[in-house]
Amino acid sequence: MPSPSPSRSLLAEVAWRLTLWAVPVVLGITALGYEYVYRREEAEALSLLTAQLVEQAEREAEIFRLAEENAAAWRDRFLTLYADPTVLPDPPFDDWFARDSEGATRLREDFFTGRAGEDGLPQAGTSGFVGNNVVTFDAELRRRLVLITKLVSQYGPGWLPRFTNFHVSLPENALIIHWPAEPWGLKARADLRMTDFTTLMATLVAHNPDRRPVWTPLYYDETAGSWTVTYQLPIDADGRHLANTSFDITLTDLVEQLIRSRLDGAVNLVITGDGHLVAGPDLLSSDKQALGTVPVAKLGNPGVSWIYEQVTAEPPQGNGAVRVVSDKDREAWVAITRIDGPDWTYAAIYPKHLVAATAHQAASAIVVISLALFALLIAIVFLVLRGRVAHPIAALETACERMAAGDYDSIADGRFPLPVGDPSEIGLLARSFREMTVRVRDGSQKLESLVSARTQALEAANARLSELSLKDGLTGAFNRRAFDQDLALAFERAKEGGGHFSLLLCDVDHFKRYNDIYGHDAGDNVLRGVVQCFIALVRGGDRVYRVGGEEIAVILNDVDERAARPVAHRIVKAAQDLGLRHEGSAHQVVTVSGGLTGFSPGMADPREMIRLADSKLYRSKQLGRNTLTV
């Protein structure tokens, strides 16, 4: 009598039970994986958001710090000369200033159009104005106006074009300004009372008893077509208000950079300390540009209002400090920091759904992997249970353990016994297992070799990529980033007693004219030719950098300024020796002007060294170009 057929096959029973156990396991693993991925993505996104916010705020605050440093330097120089009675005891006031037909006193026109200074060098771009309400000029005011004019004409050219202009105002309703693009002092109305306007009024003792520097609110200059902010530093001596040194800063590009985020999906905002929105994508339409900024309260945007409430409740501290808060109503993270200078708050908004989307993708991958593993598990169980033989299964189990431990050879070479001669499915499984072991062993060896080769190739590619990130794509010289790093390193090493080094700054003379005459492609070829000429002249330990449009820098290591001079002279002369025709130059060929300075232990930081070399470069341009100033 035949045995009754089972109601359910063993394989079906095993598959059913495995499914009952595997489904909750897969769901559990998916849930845990989702939670882990979500938290990881959230932490990475917030870390990236915070780092980007700090980096961008620090970079864009540099121009504000530069304005404050320049203003303080000018103030100190002015007060030193003003306190010295031997400086300008008999100022040439009547030779410099003249009263017009409407009673205003103005700096003579040739100070703006061009004149020879006391040192014989040409100077231009400076104008001055004293309102017609000032009738009497005592000796002190005459001396102060002449001294301010001399210093504005001296310092102004070196501070443009980073700033729109440089000007010094006086509480007596007077202003001296270096602005080559605008003869402001010659055009101002004779009856203009600058002290009646908020900008200058904010510096007067009556309105500013604490004598604090003043940053004006951001405003849109329709004439210049740009966003602008002004910095003013009151200058007092012996309790008397003498002047205010001021800079106008054009911020159109800066505002666009501030609202542009490198993190996909993030939105950046800039809010002033008094509650005005400075910048934000799609929040300031063109018809509001004339208003400059818009009060947050009138903007009608709940998200921006909520951010301003957070700023008001706990103002950002600056110095790289970032506060991250959760906006639950709008399901977003908000990172807040301060931009040093005009009391601005910089905020970045990152929607939480972007983090969730990444987590969903990762969870889907976990589900697919889990199902694949589950299918593989069932297949193996089917093969193992088919023969119901304990010893072969034990042998296979032992072989699996050896294989997991990396002992491929004993199985592949037949030293470990397997039932490969069994004609049943067990034998087939044993033979297949041995063949698989051989392939895994061979594949593992190939994979190790491939991984080693790929690792070496990746290291070489990374090294090449690192080098390319420091190179200028046009000329092949090192770029500004490499220059800043190398100069800081050389400066620090020299400060610690590691020897001397020198810095050479060069500009291609009349480069704009060259581009206008021959075209930008020819201009690019000139830059490449000059840079490659410089590279060929320097020693192996020295480096050539392109740090601006036509500005080239050379760091000469292990030489002081005296030893660097002949090298710098050869470099400057080598540009002329290239013989590249330039009809827009008085020399008829492409030339460069240079400024050389060596490291001195008294220097505070690398910026001081750059400023000194740059001033010498400017001196070379004043001397007619194609020369080196040391």
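For this structure, a couple of remarks:
- Relative contact order for segment 472-592, counting Cα pairs under 8 Å that sit 6 or more residues apart, in percent: 34 percent
- Convex hull projection area averaged over all views, segment 470-628, Cα basis, nm²: 8.5 nm²
- Cα centroid separation - segment 83-120 against segment 578-630, whole Å: 30 Å
- Proximal lysines relative to Lys512, as straight alpha-carbon distance under 27 Å, when same-chain residues fewer than 8 apart are discounted: Lys471, Lys573, Lys616, Lys621
- Under the convention that each Lys and Arg Cβ holds +1 and each Asp and Glu Cβ holds -1, the size of the dipole of segment 73-144 around its Cα centre is about 200 debye.
- A dipole drawn for segment 553-616 from +1 and -1 charges on Cβ atoms has a positive end, and of Ser615, Ala575, Val554 the residue lying farthest that way is Ala575.
- Radius of gyration and maximum dimension Dmax of segment 479-527, Cα, Å: 16.7, 49
- Karplus-based coupling profile of segment 73-79, in residue order and whole Hz: 5, 5, 4, 4, 5, 4, 5, with θ = phi - 60° in 6.51 cos²θ - 1.76 cosθ + 1.60 and x standing for Gly or Pro.
- When every Cα-Cα distance of segment 38-92 is counted in 5 angstrom steps from zero, the calculated P(r) takes the values 4, 15, 11, 11, 9, 9, 8, 7, 6, 6, 4, 4, 3, 2, 1, 0 percent.
- More than 20 angstrom apart: percent of Cα pairs within segment 69-151: 40 percent
- Percentage, to the nearest whole number, of Cα pairs in segment 118-221 over 25 Å apart: 23 percent
- Taken one residue at a time, the phi angles of segment 561-572 give Karplus couplings (6.51, -1.76, 1.60, θ = phi - 60°) of 5, 4, 6, 7, 4, x, 5, 5, 4, 5, 5, 4 Hz. Gly and Pro are set to x.
- Most tightly packed first, judged by the mean number of other beta-carbon atoms within 10 Å of their residues, the peptides 490-497, 165-172 read 165-172, 490-497.
- Across segment 462-549, counting alpha-carbon atoms alone, Rg and Dmax equal 15.0, 49 Å.
- The convex hull built on the alpha-carbon positions of segment 518-559 has an orientation-averaged projected area of 3.1 nm².
- Taking the convex hull of the alpha carbon positions in segment 42-193 and averaging its projected area over all directions gives 12.0 nm².
- Cα-derived Rg to Rh of segment 124-169, Kirkwood definition: 1.03
- With viscosity 1.306 mPa s and temperature 10 °C, the Kirkwood radius over alpha carbon pairs of segment 539-630 converts through Stokes-Einstein to a diffusion coefficient of 114 µm²/s.
- Contact order normalised by residue count of segment 66-187, Cα under 8 Å, 6+ apart, percent: 26 percent
- Put simply, the amide H of Val294, placed in the peptide plane, has neighbours under 5 Å in Leu277, leaving out anything fewer than 5 places away on its chain.
The numbers here are math on the coordinates, done by the rules we state, and not lab data. Remember, it's a predicted structure, so these values are computed and weren't measured experimentally. Glycine gets a Cβ as well: all are built from the backbone with ideal geometry, and neighbour counts include every protein chain shown.
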